[in-house]
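These notes are about the structure you will find just below.
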Amino acid sequence: MKYKAIISSDWNECLAPTGPFDPIAFVYPSLKPELDVIFKKYTSNEIPLSLAVKSIWELLPAPLTTEQMDNYLEKSFSIYNGVYQFIEWAKSKKILFMINTTGMQGFFQRAIAKKLIPEVSLVAANPLINYTDDSTRGCYRFAVTEIQDKPKNTAAAVSSFGIPFNRIVVIGDSGGDGPHFEWGASTGALLIGSMTKYSLSKYCKDRNIVINQRFGVSYSQGQSRNLQEEMKFNFMDLTSIIDEFLQRPST
């Protein structure tokens, strides 16, 4: 399929209010405090993702089974308003929608199989939890083992699908998306901060990167998340902004 543009987006606390390690905490609730600390450290760029994943692997009594993941999805799956329709809208406009996240491959494999998320052409995610399925292998050709992999994955997708470099949209929420935004800024991409955390704002400010559009709640330093306020926003409101960006004349 010929795509005219790409949306490369983080997932956790960006398109969904949940965290990447929530399935693990659901199965092993006693691990939640340690998982929360690890999550905050790598999204604030204090430790590399590979160290975070190594620490989690050492904590796990056993890998999550498909049955455990399905049980988590049945009880706890959640996305922000309009996200499902937003992904479908992108597909209808021949825009390649790429999930590019530190979340676990197995989460997306099962969520897509259960039709909780629309089928997408590319999911770049962490292989810590992975359920082999030959029929979807092409969808998971990219992995995120360090946060620096996000821009590499988007660049590879742009090259593979022949997408013009002035037709790139990057969506993220935290400092873990900083390198992705930095690369996006170098290409002239539309940079959208979704439920923007202070860590992303600081990363961009320190490097003179302009976040073109902030969507949802934008948090200041030390401010607690307000899930009730976050859920008031509808991602379909981003379609007109992206349409306007894509209608710019090519240079």
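Please label the shape of region 1-144 as rounded, prolate or oblate, based on the square roots a ≥ b ≥ c of the eigenvalues of the alpha-carbon gyration tensor (a/c under 1.5 means rounded; beyond that, a/b larger than b/c means prolate, else oblate).
Prolate is the answer for region 1-144, as a/c is 1.5 or above and a/b outweighs b/c.
Taking the Cβ of Arg167 as the center, what net charge do the other residues with Cβ under 14 Å away carry, scoring Lys and Arg +1 and Asp and Glu -1?
+3
Build a GNM of the chain with springs between Cα atoms under 10 Å: which of Thr66, Thr101, Thr132 gets the top mean-square fluctuation?
Of Thr66, Thr101, Thr132, the most mobile in the Gaussian network model is Thr132.
Could I have the simple spin-label model distance between Leu51 and Thr65, label points 7 Å from Cα toward Cβ, reported in nm to one decimal?
In this crude spin-label approximation the distance works out to 3.5 nm.
Which aspartates and glutamates have a Cα less than 13 Å from the Cα of Lys202, not counting those fewer than 8 places away in the same chain?
Hits, sequence-local ones excluded: Asp173, Asp177, Glu182.
Taking the Cα centre of region 65-190 as origin, sum charge times position over the Cβ atoms of Lys and Arg (+1) and Asp and Glu (-1), and report the length of that vector in debye to the nearest 20.
Its charge dipole is roughly 420 debye.
Choose one of Pro33, Leu49, Leu73: the residue whose Cα lies farthest towards the positive end of the charge dipole of region 22-74 (beta-carbon charges +1 Lys, Arg; -1 Asp, Glu; about the Cα centre).
Leu49
Taking R0 as 25 Å, what's the FRET efficiency between Lys114 and Asn81 from their Cβ-Cβ distance, rounded to 0.05?
0.80
Which shape class, rounded, prolate or oblate, goes with region 175-251 when its Cα gyration tensor gives a ≥ b ≥ c as root eigenvalues, a/c under 1.5 marks rounded, and past that a/b bigger than b/c marks prolate?
Because a/c hits 1.5 or more and a/b fails to exceed b/c, region 175-251 counts as oblate.
Given the Cα atoms of region 75-115, and with Rh set as the inverse mean 1/r over their pairs in the Kirkwood sense, what is Rg to Rh to two decimals?
On the way: Rg = 11.3 Å, Rh = 11.6 Å.
When Rh is taken as the Kirkwood radius, the ratio is 0.97.
With springs only between Cα atoms under 10 Å apart, run a GNM on the chain and tell me which of Ser240, Ser220, Ser199 wobbles the most.
Between Ser240, Ser220, Ser199, it is Ser240 that shows the largest mean-square fluctuation.
Can you give the local net charge around Leu200? Use residues other than it whose beta-carbon is closer than 12 angstrom to its beta-carbon, Lys and Arg +1, Asp and Glu -1.
-1
For the chain, what does -39500 (n - 2.57) per DSSP helix run (n ≥ 4), summed and divided by total residues, give at 222 nm, in deg cm²/dmol to the nearest 500?
Value at 222 nm, helices only: -12000 deg cm²/dmol.
Give the label of the value calculated from the structure for semi-axes √(5λ) of the Cα gyration tensor in Å, choosing from [x] 42, 23, 22; [y] 27, 21, 17; [z] 32, 24, 18.
[y]
Which shape class, rounded, prolate or oblate, goes with region 22-74 when its Cα gyration tensor gives a ≥ b ≥ c as root eigenvalues, a/c under 1.5 marks rounded, and past that a/b bigger than b/c marks prolate? Working shown, then result.
Details: a/c = 2.19, a/b = 1.94, b/c = 1.13.
It comes out prolate by the Cα gyration axes.
Sorted by mean Cβ packing within 10 Å, highest first, what order do the peptides 119-127, 50-58 take?
Those peptides, ordered most packed to least, come out 119-127, 50-58.
Computed from the coordinates by the stated procedures, all read-outs in this text should not be read as laboratory data. Remember, predicted model here, so these are calculated numbers, not experimental data. Positions of Cβ are backbone-derived with ideal geometry, glycine not excepted, and every protein chain shown enters the neighbour counts.
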